[in-house]
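Below is one structure, written out as structure tokens, with a few remarks after it.
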Amino acid sequence: MNKRTQYERVFDHFDDNGDGKISPSELQQCVESIGGEISAAEAEAVVELVDSDGDGLLGMEDFVRFLEGGEEEEKVNDLKEAFKMYEMDGCGYITPKSLRRMLRRLGESKSIDECTTMIAQFDLNGDGVLNFDEFRTMML
């Protein structure tokens, strides 16, 4: 089953009245049914933010955008955790030395020169280190 079909099944399940739209109250029930918490006001704010046609309801496309937006946020949070493992002493960037140290922990031996070359491929501002945005570009 592809992702789109899964989304449609979830959408249909939470579209209680079968009108092809998810209301803020239906969204609230959806989130709560999977163990999350969202107030009625938060559900209304989400619908307002994601609603593309201004009818105060989520159509299928809006619903997919809502779900995938959450996945994107999760990916960024995962990348932030990975970035912290590679950076050295919380300095906010990955140096050739910190990259080498992390690669060694992963069982891969690289020289400082090799690590400098690896960083240079994604070092967009040319400062010789990777900040989080450059790391994200490299990983995605």
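What follows is calculated from the coordinates using simple rules that are stated; it is not laboratory data. Model, not experiment: these values are computed from the prediction. Ideal geometry is used to build each Cβ from the backbone, glycine not excepted, and the neighbour counts take in all protein chains shown.
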Go ahead and set up a Gaussian network model of the chain, Cα springs under 10 Å, then flag whichever of Ser25, Ser109, Ser52 fluctuates most. Ser109
Run the quick spin-label model on Ala120 and Ser39: label points 7 Å from Cα toward the beta carbon, then report their separation in nm to one decimal. 5.4
Could you name the lysines in cross-link range of Lys75, using Cα to Cα under 22 Å and dropping any fewer than eight places away on the same chain? Lys3, Lys84
In what order do Leu124, Leu99 fall by count of nearby beta-carbon atoms within 10 Å, going from fewest to most? Leu124, Leu99
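Express in % the proportion of alpha carbon pairs of the chain at distances exceeding 24 Å.
The calculated P(r) of the chain puts 49 percent of pairs beyond 24 Å.
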In whole angstrom, note down how far apart the Cα centers of the range 68-125 and the range 34-52 are. 35
